[in-house]
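The values are calculated or read from the model by the stated rules, or taken from the named source; none is laboratory data. What you see is a predicted model, and the numbers here were worked out from it, not measured in a lab. Here the Cβ is made from the backbone with ideal geometry for all residues, glycine too, and neighbour counts use every protein chain on show. Side chains included, ligands, DNA and RNA excluded: accessible areas come from the protein's heavy atoms. Shrake-Rupley method; radii C 1.70, N 1.55, O 1.52, S 1.80 Å.
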Amino acid sequence: VEAGLFGSTKALLMVPPEPKALALLIAGGQGNLQLKGSDGMVAMGPLQWNFLVRSRAHFHKRDIAVLLVDSPNGRPMTYMDRTSATSHFQSLIEKAIARSPVLKDLPVWGVATSAGSISLAAWVNAAPERLSGAVFTAPITRGVAPGAWGPANPQGIASKPLRFSKPVLVVVAANDACSETPPGDAEMLLSRFEASTRKQAVMIQNAGNPAGNPAGNPAGDPCQAQSPHGFWDVEDETVGRIVDFMLAQ
């Protein structure tokens, strides 16, 4: 599917036979998936190892329709860009429903990871009406990254009020060593959602090292996706916890 706001924004749509919800997945990094292709043949660029990108099939097999969103025009986004480039989400959702009408009356969840949490935080504040809930995985809660956004947001997305009354899930890896996403900040972030009707923090153990694997961080960089920060080697468990929360009554 493709929307025209903020340039040409593409998204990969995956719909199981009997979907129970639609999850709009917002990748981390600079958000530029650089999606190319058509039905059945899809290629993507620098973020193919991102947690939500590589875990999309785990949602699909649990009967969750997936809308994996690229950046506008497939270009890299700064953190500041992410705070304003969210209007296309609504358009992409409507395009997806037009493409697959079975999605029409399903709950819609925003699910973000790492820097994608900045986009999701902006979305829940600016236009929460279409959302049924929000899931933040490895969220940015420290403004240590270079650029204008970090110094203005010393507690990351928790630096400003988060006016969202619907369910919120925060998922962190216990051994995430990225300086921007300390797992101990999960409860602090949840506390910013004062109006949320249902909220929970989940801590995933042994990411990147589920069986004592010494190569549990192939990326080396603790802030890259192939590390505990990206829920490496615990994708199925992590997505399972997310979907359980999404579908709970």
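Restricting to the range 156-173, name every residue that is open to solvent by 10 Å² or more (accessible area, probe 1.4 Å) and touching a residue at least 60 places away in the same chain (Cβ under 8 Å).
Correct list: Pro167 only.
With the structure loaded, tell me whether Pro72 is modelled with pLDDT under 90, out of contact with any helix residue (DSSP H, G or I) (no Cβ under 6 Å at 6 or more places or on another chain) and of a type outside the set (Lys, Arg) or whether it fails that test.
yes
Residues in the range 1-44 that are at pLDDT below 90, among the small types (Gly, Ala, Ser) and not in a loop (DSSP other than H, G, I, E, B): how many?
Matching residues across the range 1-44 total 4.
Of the conditions (1) modelled with pLDDT under 95; (2) part of a loop (DSSP other than H, G, I, E, B); (3) farther than 26 Å from Gly45 by Cα, Ala98 clears all except one; give me its number.
Among (1) modelled with pLDDT under 95; (2) part of a loop (DSSP other than H, G, I, E, B); (3) farther than 26 Å from Gly45 by Cα, Ala98 violates only (2).
Kindly indicate whether Ser87 is modelled with pLDDT under 95 and either within 24 Å of Pro167 (Cα to Cα) or buried (at least 23 other Cβ atoms within 10 Å of the Cβ) (or both).
For Ser87, the condition - modelled with pLDDT under 95 and either within 24 Å of Pro167 (Cα to Cα) or buried (at least 23 other Cβ atoms within 10 Å of the Cβ) (or both) - is met.
Check Gly208, Gly184 and return the single one that is open to solvent by less than 30 Å² (accessible area, probe 1.4 Å) and closer than 15 Å to His229 by Cβ.
Gly208
Test each condition in (1) in contact with a Ser or Thr (Cβ under 9 Å, 6 or more places away or on another chain); (2) closer than 21 Å to Gly31 by Cα for Pro107 and report the one that comes out false.
(2) is the only condition that Pro107 fails.
Within the range 36-83, can you find the residues that are of a type in the set (Gly, Ala, Ser), at negative phi and open to solvent by 70 Å² or more (accessible area, probe 1.4 Å)?
The answer is Ser38, and nothing else.
Hey, among Asp70, Asp105, which residue is within 17 Å of the chain's Cα centre (by Cα) and acidic (Asp, Glu)?
Exactly one residue qualifies, and that residue is Asp70.
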